[in-house]
Each structure stands twice: as C-alpha cells, then as structure tokens.
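Worksheet: the structure to be examined is printed underneath.
We did not get these values from a lab; they are worked out from the coordinates using the rules stated. Please read these numbers as outputs of a predicted model, since none were measured by experiment. Here the Cβ positions follow ideal geometry from the backbone for every residue, glycine too, while neighbour counts run over all protein chains shown.
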Amino acid sequence: MARVISICNQKGGVGKTTTSVNLGAYLAALGRRVLLVDFDPQANASSALGLNPAATDLSIYHGIINAAPPEHIVRPTMLFNFHFTPAAPHLAGALVEFVNLPEREYFLRKFLNRIRHEYDYVLIDLPPSLSLLTVNGLVASDEVLIPVQAEYYSLEGLGQLLETVELIRVNLRHSLSVAGALVTMYNKNEKLSREVSKNLRRNFPYLVFKTEIPRSVALAEAPSFSKPIILYKPDSIGAIAYKNLAEELIAQEQSFDRVPEHGLISKDFGNFNVI
C-alpha cells in the first residue's frame, strides 16, 4: 500500500511543484512505483512533465467526479515506474461545485483509494492556498511534506499550516502526520539562508530533512524542457539534492516514527535577527 504524501505550503513560490516532480522522479529511479497527482489548477507539474494542460481532455477533475475511470486519467512519464494524473484549469471549478455536497472533503481520497495499492508512493502537488482542494489533498494523504523557502516570510505561514493539520486531525478524525519540513532555495553563502535553516531546525516540532535544496539554474530551467532534473542535468547540484532527499524519504520507511508526541510549534519559531 502506498505512502500518500501531500507536498504543501500555503505560501506560493517555495518549490512545491519542483519538489513534487523531482522527488517523484528520483523515487522511481530508486526502484519505487510512484504516482504524482497534480491537484493545482495552475497545472505546473503537468507542464513540467510534458503535457499541455489547455489541451487535456481528461484530468484529475474527471477522476474525482467519477466522469472517467483512473486508467483513463493516469499517464506515464518518460521514466519507468513514474506516472502522473494531470490537472487543468477547470479543476478550479470544483471549489464551487463541491461546496454544498456531502463529504466534500473526501473526493480525492475516494479516487486514490481505488489505485493506491498499485504504487509505493503517491505524491500530491497542492495549490498555494488553503481551500477545499487543499483540504481534499490533506485528507487523501497519510503525511504532509512542507517545503520552506530559505527566507523569513516562509516561516510565518508554518504555524497556520500546522494548525490546519491539527484541525483535520481533530475535526475530520484523520490521522495526518508530518513527514518533515524541507529547506528549499538554500544558499549556504547567504547569512539569511543559514539563519532560516538554523531557526527551523531549532524550533520546528517535527523532522527537518537533512537535505537542503539549493538555488539552482538547472532546476529552474528543467520545466521549460518538460523534463525532471534527473533527465535534464543529472550531475547538477539540484539533481544531487533531490536524489539525497529521495534516499532520506525511503529511509523513513523502517527507521522513522512520523507521529511526534507534541505538534505545537515553539513560541520562538521565526524570531531571529540577521546582523
């Protein structure tokens, strides 16, 4: 049965889609069967894997409303064992269509329950907002992985995201755990990057991955070639970082208890000065 992991942060531009695509690619390269679910109406993950969202006849939207079976929606990528379900702009319509429906938080979960046994990992790329789509993604997941850009503003929204996770645990009685926080766009030569990483590791109440994703021109360029970094520039520092992250995640399968005793964020979280 797959580990279902949402890649989530309510702040945009922190590397959610980059992480979803490249982590999925390296998990597949390391022998795992992987499904990437693009659940963002902007459909950037679909574009990064070579699909034109505007020309997509069937997307994850059709899957969650039972308009098409999973086998008509899931598509292969250029990598063996790496599949994805595309998104399209009309996914945004679900926000209006679902609002008055019963069990509206469970549409994606019901869809994934039909196919998750076919994979080792299901990664869900969520939109940069707290909406019904985000709640659907979190309810469909076992865990949430949180990319955190190495800048001060990225820290500010983390407390709200952890509160959302706790609300889902309590109100929907869903045992969602935190796989960890991931420092992205890291520059070891910048004092701010080092301070943000140090503050996160000192005060975040869950795991912070050892791997730090660096700022990388190759990572920024790869989507324009419709390739994950493993196929675009596998020797780049960004590629090496995502390979290390995939290995860390796989290591959790046997050696890491993902549910901590306390999920409250430290009162000092985010409070630091850069001199």
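Figures for the structure shown
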read-out: GNM top mover of E195, E248, E103 - the chain, alpha-carbon springs below 10 Å; value: E103
read-out: Ranked by how many other beta carbons lie within 10 Å on average, peptides 134-140, 152-158, 21-27 from highest; value: 21-27, 134-140, 152-158
read-out: Simple spin-label estimate for N189 and E163 in nanometres, 7 Å along Cα-Cβ; value: 3.9 nm
read-out: Ranked list, fewest to most other Cβ atoms within 10 Å of each Cβ, for R3, R169; value: R169, R3
read-out: Cβ crowding within 10 Å averaged over residues, with 76-88, 216-228 ranked highest first; value: 76-88, 216-228
read-out: Gaussian network model of the chain, Cα within-10 Å springs - most flexible of F111, F98, F209; value: F98
read-out: Ranked V165, V34, criterion: other C-beta atoms within 10 Å, fewest first; value: V165, V34
read-out: Ascending count of other beta-carbon atoms within 10 Å, so fewest first, for V148, V208; value: V208, V148
read-out: Net charge of Cβ neighbours under 12 Å - reference F39; Lys, Arg +1; Asp, Glu -1; value: -1
read-out: Positive minus negative residues near P70 (Lys, Arg vs Asp, Glu; Cβ under 13 Å); value: +2
read-out: Local electrostatic count, N171, Cβ distance below 14 Å [Lys/Arg +1, Asp/Glu -1]; value: -1
read-out: The chain, helix-only ellipticity at 222 nm - DSSP H runs n ≥ 4, -39,500 (n - 2.57), divided by all residues, nearest 500; value: -10500 deg cm²/dmol
